[in-house]
Amino acid sequence: MTPRLRCGVRLTYDRTRQTHVLLFPEGVLVPNATAAAVLELCDGERTVPDIAAALGERYAGVREGDVGDVLARLVDRQVVEWA
Amino acid sequence: MGVTEEVQGVRPPLGMLAELTHRCPLHCPYCSNPVELVTRERELGTEEWCSVLDQARDLGVLQVHLSGGEPLARPDLPELVTRASGLGCYVSLVTSGLGLTEARLADLVDRGLAHVQLSVQGADAARANLLAGAKAHDHKLTAAALVKRFELPLSVNVVLHRANHDQLEGMIALAERMGADRLELANTQFYGWALRNRDALLPTREQLAAAEPVVRAAIERLKGSMQVVYVLSDYYEQYPKPCMSGWGAQQLTVAPDGTVLPCPAATAITTLPLENVRERPLAEIWYDSESFNAYRGEDWMREPCRTCERRTVDFGGCRCQAFQLTGDAAATDPVCRRSPDRGLVDVLLEPPHGSGEFVMRGVR
Ligand code: SF4
Ligand code: SF4
């Protein structure tokens, strides 16, 4: 199972607010730093362990369970789906 | 663990509704464009719109809705899509579908168009064309198929009123056949041409009661495949809608002639000194103008809103509606049960309702 952004959802960096933003047809979400880091790796190719490993190279103490937790919430918000 | 940040304080706008033109091949009697339509000669030019888009992005706008009238009536639409998407905005096209050919859509998608909102007037061609005042329905089916073929998210927008509530189920089924990702079923809000046609458009209590279980069932049944959003007929409600999520809080509208509006209907408030991007930078209008500050926050509120616990929920309702019905834009929205003016709305709900004859929206 590989997570990816749902059709029509785009992740970009907003320099006005100096933060990542998720844009979709009728809304804007401002992901926190952790969620943004996970979202950047949701390309429909990487699995959850892949994402956790990639994050682990940048941050200390990344657990697969936490990544899964963040992803579950993003799925709930209908911005991420499982490919 | 949460996944979003809470944003505090005075905020830059998130969204801009760019009404590129009031010209439209349709003549919907419920159109929210003002009765005094802006003529082609007074429309902003391409350079002016590009500057508006630049300024909007600088100001913080992330969502750009290219709307109208019919935005496809502007030959420079492709250029404006390129500009807005190049700036990093999420660009939606709000269209009747007329004029959306395969070649035009392919080009717009290439230029970064992200999403299409398509209006639907009725469940079948006969009714839909009658309500649109044009042979439009079949073009919409074509347009929807194209949007899906290019794999863009498709929203179908239906304005509900007395002359199409009976086709509600049919319109939901149509949106499903079109492959819509999102369906907005919005009871008419009374501004512009819709206000002029209110007698004929206001749904009956029976229609609204019949619609409720249909909508509820559709929301449940389509969960996960099509998001169904229902906008209430506020005249029949106890409390007003949280109009614009607050005045000058998240959104701005730029009218075809460059007038900057805190709400798309704000030209209705004739006492409001509106400003124009031709004369003042957008950021100054957003932060410093009298029009955007007039009803921002809570300082303008009087009783009963000032001390009401719902003021952070509905912001006292709609300023345009308050002005249209009471003549005072700072009054409590008369839809509210706590408003001393609620009687003005109640009399409108009493049968007999008007003749059902529409004044079709102006040509141009
Ligand atoms: S509501 Fe109808 S007439 Fe008004 S702009 Fe939309 S399509 Fe045109
Ligand atoms: S009194 Fe004002 S704030 Fe309270 S519910 Fe009515 S409109 Fe909203």
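Read-outs throughout are calculated quantities, based only on the coordinates presented, and are distinct from any laboratory measurement. Everything numeric in this text was worked out from a predicted model, so none of it was measured. Glycine also receives a Cβ, built like all others from the backbone with ideal geometry; neighbour counts cover every protein chain displayed.
Near residue B:160, the amide H atoms lying under 5 Å from its own belong to B:186, B:187, B:188; only residues 5 or more places off or on other chains count, and H is placed 1.01 Å from N.
The C-alpha atoms of the protein assembly as shown occupy a region whose extents along the principal axes are 70, 49, 47 Å, arranged from largest to smallest. Beyond 20 Å, how much of the Cα-Cα pair distribution for region B:10-85 remains, as a whole percent? Above the 20 Å cut-off, region B:10-85 has 34 percent of its Cα pairs.
Derived scalar couplings between HN and Hα for region B:111-118 equal 7, x, 4, 9, 6, 10, 10, 10 Hz in order, rounded to whole Hz, by the Karplus curve 6.51 cos²θ - 1.76 cosθ + 1.60 (θ = phi - 60°), x for Gly and Pro. Computed over the alpha carbons of region B:72-230, Rg followed by Dmax gives 16.3, 48 Å.
Over region B:1-141, the hull volume per residue, using the convex hull of the C-alpha atoms, is 159 Å³.
DSSP beta bridges fully contained in the protein assembly as shown are about 35 percent antiparallel.
Measuring spread by the Cα atoms of region B:288-333 yields a radius of gyration and Dmax of 10.2, 28 Å.
Place a label point 7 angstrom from the Cα of residue A:45 along the Cα-to-Cβ direction, then list the residues of region A:1-29 whose backbone nitrogen is under 15 Å away. Within reach of a label on residue A:45: A:2-5.
Restricting the trypsin sites (Lys or Arg not before Pro) of region B:176-263 to loop positions (DSSP other than H, G, I, E, B) with no more than 11 neighbouring Cβ atoms within 10 Å leaves B:223.
The H on the amide N of residue B:31, modeled in the peptide plane, is under 5 Å from the matching H of B:194, each at least 5 residues off or on a different chain.
All other residues whose Cβ lies under 13 angstrom from that of residue B:259 are scored, Lys and Arg at +1 and Asp and Glu at -1, for a net of -4. Rounded to the nearest whole angstrom, the semi-axes of the ellipsoid equivalent to chain B, taken from the Cα gyration tensor as √(5λ), stand at 29, 28, 20, largest first.
Scattering from region A:3-78 was approximated by placing one identical point on each alpha carbon and applying the Debye formula without solvent; log10 I(q)/I(0) at 0.18, 0.24, 0.25 1/Å stands at -0.71, -1.18, -1.25. The trypsin sites (Lys or Arg not before Pro) of region B:317-350 that meet both conditions, a loop assignment by DSSP and at most 15 other Cβ atoms within 10 Å of the site Cβ, are B:337, B:338.
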